[in-house]
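A.B. asks: Quick one: the structure is below, and I'll ask about it shortly.
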Amino acid sequence: MLFFKLSAFYFFYFAAVGVYVIFLPKVLHDIGYLASEIGIVFAIAPLMRFATPFLFLKHVKLDQKLFKIILLFSVISSASFYITITDFYAFMINNAILGVCLSVLLPYIEIIALKELGKQRYGKSRLFGSIGFMLIGLILAKFLTVPQIALNYYLAATIFTVIFSYSLLKYDTTTHDNLKEDNSFSIFKYWPFWLSLFLMQVSFGGFYNFFTIYETAHGISLETTSYLWAFGVICEIVMLYSQGIILQKNLINIIKFSIFVTAIRWLLLFTFPDSLTIAFISQGIHAFSFGLYHSAVIIYLYSLYKNKQIAQQFMFGIAYGLGGFIGALIAGWTYGEYLFLYSALITLLALLSLYKLK
């Protein structure tokens, strides 16, 4: 039953992410948002993901009572999309509140999953998240005729996420005391690695926030674009299942290779914007850009620091939080013909910074 509840949580959580990432930018574009405004809106949640852990580090105690409040505000924020989406500033504030909720929700459940399932079964449960993301991309593309439909799907996925999150609280036996700073933890000691993490996620700003708009603007239908998203997830799943032997090799070399092929991925999208075949090839590279890269980074960080919990928190905050925030802003400012050329150049900087690592 625990495995089912966790798998259901991942399924609906990442289904909601799928609506947010794949379709919401297109919805905002269709109702009149400028590219720069879309970039700002989608920069807010990553910024909150970066800032919120510092709040819980010293000032706020995360316990079950507070987590229940977070669940409530997740639903309220998602429901508020209906009335705030037509106003840029109201929608931006709405996304900021939702970003705080999401920055707490997933890590909280992840702790339960890792503790109860262990490393072997955790991956099998986590893959349902990829399935949820893929299915929502395939299904919603067929029915998205007006913006409200996307909001309906997002709210429904959020409600189911909250329901299964609440059902998992009884498995939480951890005392959530305030985290204490560990003097042995230092970002500056391995600054080239942290810089590379940051730049790698900055380069994904154009992909996560404008890929759907970019492809449909070059003559590829919304439904076909959803197939591209799904294909990338399938390649990611295959890599997650088969990467065990690869990860026994030199991790830094694996990370460098993953970054290098990611730069090629963005260059392909820039050079052949109208080619559906090239678009599928670029999505196939997602197996390395995310599947292999993310696993290698997690394991490498685990070997670097004694305080492994703080290392992982800062990885999500600096890379996916701050990197995602800056990446969304840059993508909004540079959206156009050269979007993925800029992404490729940023990725190459991420690769070069690793050569400074001792």
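A.B. asks: Which numbered condition in (1) without any contact (Cβ under 8 Å) to a residue 12 or more places away in the chain; (2) touching a helix residue (DSSP H, G or I) at 6+ places or on another chain (Cβ under 6 Å) is the only one that residue 357 fails?
C.D. replies: (1)
A.B. asks: Out of everything in the range 344-355 that is in contact with a Lys or Arg (Cβ under 9 Å, 6 or more places away or on another chain) and of a type in the set (Ser, Thr, Tyr), what residue ends up being surrounded by the fewest Cβ atoms within 10 Å (Cβ to Cβ)?
C.D. replies: Only one residue fits best here, namely 355.
A.B. asks: List pairs: first in the range 18-43 and among the hydroxyl-bearing types (Ser, Thr, Tyr), second surrounded by 23 or more Cβ atoms within 10 Å (Cβ to Cβ), Cβ under 6 Å, 6+ apart or cross-chain?
C.D. replies: From the range 18-43, the pairs are 36/332.
A.B. asks: Report, by residue number, each residue of the range 215-227 that is surrounded by fewer than 22 Cβ atoms within 10 Å (Cβ to Cβ) and not acidic (Asp, Glu).
C.D. replies: If the condition is that a residue be surrounded by fewer than 22 Cβ atoms within 10 Å (Cβ to Cβ) and not acidic (Asp, Glu), then 216, 217, 218, 219, 220, 221, 222, 224, 227 are the ones that fit.
A.B. asks: Every residue in the range 203-233 that is at pLDDT 90 or above and closer than 13 Å to residue 289 by Cα, please.
C.D. replies: Within the range 203-233, 203, 204, 207, 232 meet the criteria.
A.B. asks: Of the conditions (1) under 19 Å from the mean Cα position of the chain (by Cα); (2) at pLDDT 90 or above, residue 45 clears all except one; give me its number.
C.D. replies: Status for residue 45: all satisfied but (2).
A.B. asks: Still on this model: For the range 1-63, which helices (runs of 4 or more DSSP H) that fit wholly inside it have 1 or more residues that are touching a Gly at 6+ places or on another chain (Cβ under 6 Å)?
C.D. replies: Filter on the range 1-63 gives 2-18, 35-58.
A.B. asks: Go through 139, 97, 112 for me and flag whichever is surrounded by fewer than 15 Cβ atoms within 10 Å (Cβ to Cβ), assigned to a helix (DSSP H, G or I), aliphatic (A, V, I, L, M) and at pLDDT 80 or above.
C.D. replies: From the options 139, 97, 112, the qualifying one is 139.
A.B. asks: Select, from 189, 256, the only residue that is of a type in the set (Lys, Arg), closer than 14 Å to residue 296 by Cβ and in a helix (DSSP H, G or I).
C.D. replies: 256
A.B. asks: May I pose another question? Anything in the range 8-29 that is surrounded by fewer than 21 Cβ atoms within 10 Å (Cβ to Cβ) and over 20 Å from residue 212 (Cα atoms)? List them, or say none.
C.D. replies: Matches in the range 8-29: 8 only.
A.B. asks: Further question on the same structure: When you check residue 207 against the structure, is it outside the structural domain of residue 132 (by TED's automatic domain parsing), crowded, with 24+ Cβ neighbours inside 10 Å and either in contact (Cβ under 8 Å) with a residue 60 or more places away in the chain or assigned to a loop (DSSP other than H, G, I, E, B) (or both), yes or no?
C.D. replies: Yes: the conditions hold for residue 207.
A.B. asks: Another question about this same structure. Which one of these is crowded, with 19+ Cβ neighbours inside 10 Å and within 29 Å of residue 50 (Cα to Cα): 254, 299?
C.D. replies: 254
A.B. asks: Could you check the range 325-358 and list, in sequence order, the residues that are of a type in the set (Ser, Thr, Tyr) and either under 19 Å from the mean Cα position of the chain (by Cα) or in the same structural domain as residue 46 (by TED's automatic domain parsing) (or both)?
C.D. replies: Residues satisfying the conditions are 343, 347.
A.B. asks: Of all residues being surrounded by fewer than 16 Cβ atoms within 10 Å (Cβ to Cβ) and in a loop (DSSP other than H, G, I, E, B) in the range 152-175, which is modelled with the highest pLDDT? Just the residue, please.
C.D. replies: Looking at the filtered set, the residue picked out is 173.
The values are calculated or read from the model by the stated rules, or taken from the named source; none is laboratory data. All figures in this text were calculated on a predicted structure; none of them were measured in a lab. Cβ coordinates were reconstructed from backbone atoms using ideal geometry, including for glycine residues, and neighbour counts include every protein chain displayed.
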